[in-house]
Amino acid sequence: MKKTAIVGQYGQGPSYVTGQAVKTYFIARWMMKRFGPENVEIVNTYGWKKRPVGLMVSLVRAMLRCRNVIILPAQHGVKVFAPLVAGLNRLFRRRTFYVVIGGWLADTLKGDKRLKKAVAAFDGVCAETESLAEDLRRVGIQNAWYLPNCRDYAADPGEKDMNEPVRVCTYSRVTQTKGIEDAAAIVKKANALLGKNVFFLEVYGGVAPEYKDAFDALCRENGDVMAYMGVKNADEAVSTLKDQFALLFPTYYEGECFAGTVLDAFSSRTPIIANDWKYNREVVIDGENGFLYPFRDTDAAAERLARLYREKDTYRAIQAGCEQSARRYDSDRVLEALTSRMA
């Protein structure tokens, strides 16, 4: 019998760049390395609405063959996959784990008794932050425990190019609530503080269709200090971020938790300047592995960016903090805590 089935959006390319797809990819890759590809079965949920029967067949087959089942649903998919796996497991009696993506689950469960009952039936509900685990237990999910997001530890990528214009970036879905407009304002204000155009903003990520017109206008209005750089595959993140001076993380997205882009910044030793929003404070430690700034205060964020440029010792100290965080959230360290509970 195989060790585990992994149920989530799995693959590479421009269709697989959401937080769900990236986390599924990295966990599946680690499990294959740990147990061998022959002991890991993938149930790819990408486009499942177009092939519900085929997906059901794949899921039943996986539960027949595997001792453990790990699901990684997105916000809408959880209402289908959590009850479905919980229901099937009355027959198969496997060890089941729900690896949570984002910070929205506790709020969702407050108003959905059916979903809460299904989630409570899992052997483990793995929350990305300790606060989210506490929130889940508070709404009745006593099987919730802390399992942070993680990445494979990478060796020090070396010195960064500080030639002007100095590149900073956002690396996320391109939507309004991911703070792209705030990022442009931060760069412009930091340049004003320094008296010249030191910084240039590169925007990476898939553009939400409903935001495309506004984003195109933003790029036109700020063409001297920003440009759209397209979409990168999940395994290109560290090699992309290592060439950046800093990662701007101005998100105020309601479902934010422990974003994978923060992990990629740690791995590439790229200091983070993050909005003090939701669970960011648990991951970005102000003055240690990055800077936090008051909610949507782009003046404060610009001051911190300018400070990193002016104070080389501070910059190197933050890079050292990123190194420590990269080790803390190494996949081997984090995911062994999950496999120790598996059958």
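Does the range 131-139 include one or more residues that are touching a Phe, Trp or Tyr at 6+ places or on another chain (Cβ under 7 Å), of a type in the set (D, E), at pLDDT 95 or above and within 30 Å of M31 (Cβ to Cβ)?
Taking every residue of the range 131-139 in turn, none turns out to be touching a Phe, Trp or Tyr at 6+ places or on another chain (Cβ under 7 Å), of a type in the set (D, E), at pLDDT 95 or above and within 30 Å of M31 (Cβ to Cβ).
Would you say A306 is buried (at least 20 other Cβ atoms within 10 Å of the Cβ) and among the small types (G, A, S)?
Answer is no for this residue.
Given the conditions (1) surrounded by 14 or more Cβ atoms within 10 Å (Cβ to Cβ); (2) of a type in the set (G, A, S); (3) closer than 25 Å to A208 by Cα, which single one is not true for A106?
(3)
Collect the residues in the range 280-299 that are without any contact (Cβ under 8 Å) to a residue 60 or more places away in the chain, part of a helix (DSSP H, G or I) and surrounded by 18 or more Cβ atoms within 10 Å (Cβ to Cβ), keeping them in residue-number order.
N280, the sole residue that qualifies.
What is the residue count in the range 125-180 for residues that are in a loop (DSSP other than H, G, I, E, B), among the β-branched types (V, I, T) and more than 16 Å from the chain's Cα centre (by Cα)?
2
Please enumerate the residues belonging to the range 32-50 that are exposed (fewer than 12 other Cβ atoms within 10 Å of the Cβ) and either among the polar types (S, T, N, Q) or at pLDDT below 95 (or both).
Of everything in the range 32-50, those that are exposed (fewer than 12 other Cβ atoms within 10 Å of the Cβ) and either among the polar types (S, T, N, Q) or at pLDDT below 95 (or both) turn out to be G47, K49, K50.
Quick check, is I70 in contact (Cβ under 8 Å) with a residue 60 or more places away in the chain, under 30 Å from V238 (Cα atoms) and not in a helix (DSSP H, G or I)?
In short, yes.
In the range 271-295, how many are of a type in the set (D, E, K, R), touching a strand residue (DSSP E or B) at 6+ places or on another chain (Cβ under 8 Å) and under 14 Å from F258 (Cα atoms)?
Residues in the range 271-295 being of a type in the set (D, E, K, R), touching a strand residue (DSSP E or B) at 6+ places or on another chain (Cβ under 8 Å) and under 14 Å from F258 (Cα atoms): 2 in total.
I'd like to check something: does the range 302-311 contain any residue that is outside the structural domain of T129 (by TED's automatic domain parsing) and at positive phi?
no
One line per residue, one yes/no per condition, for (1) buried (at least 24 other Cβ atoms within 10 Å of the Cβ); (2) under 16 Å from A317 (Cα atoms); (3) in contact (Cβ under 8 Å) with a residue 12 or more places away in the chain:
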site	(1), (2), (3)
Q244	no, no, yes
P250	yes, no, yes
Y253	no, no, yes
A265	yes, yes, yes
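Identify, please: which residue in the range 321-343 is among the aliphatic types (A, V, I, L, M) and either surrounded by 14 or more Cβ atoms within 10 Å (Cβ to Cβ) or free of Cβ contacts under 8 Å to residues at least 24 places away in the same chain (or both) and is, among those, nearest to R34 (Cα to Cα)?
Once the filter is applied, the top-ranked residue is L335.
Within the range 116-151, work out how many residues are under 18 Å from R95 (Cβ atoms) and of a type in the set (D, E, K, R).
Looking only at that region, the number is 1.
If you check R341, R304, R269, which single one turns out to be of a type in the set (K, R), at pLDDT 95 or above and in a helix (DSSP H, G or I)?
After applying the criteria, what remains is R304.
Yes/no matrix, rows are residues, columns are (1) in contact with a Gly (Cβ under 8 Å, 6 or more places away or on another chain); (2) closer than 27 Å to Y16 by Cβ; (3) among the polar types (S, T, N, Q):
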| site | (1), (2), (3) |
| --- | --- |
| N39 | no, yes, yes |
| Y46 | yes, yes, no |
| K50 | no, yes, no |
| V53 | no, yes, no |
| L59 | no, yes, no |
| A62 | no, yes, no |
| R93 | no, no, no |
| W104 | yes, yes, no |
| R138 | no, no, no |
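The values are calculated or read from the model by the stated rules, or taken from the named source; none is laboratory data. This structure is a prediction, so every number in the text was calculated from the model and none was measured. Neighbour counts run over all protein chains shown; Cβ positions are idealised from the backbone, glycine included.
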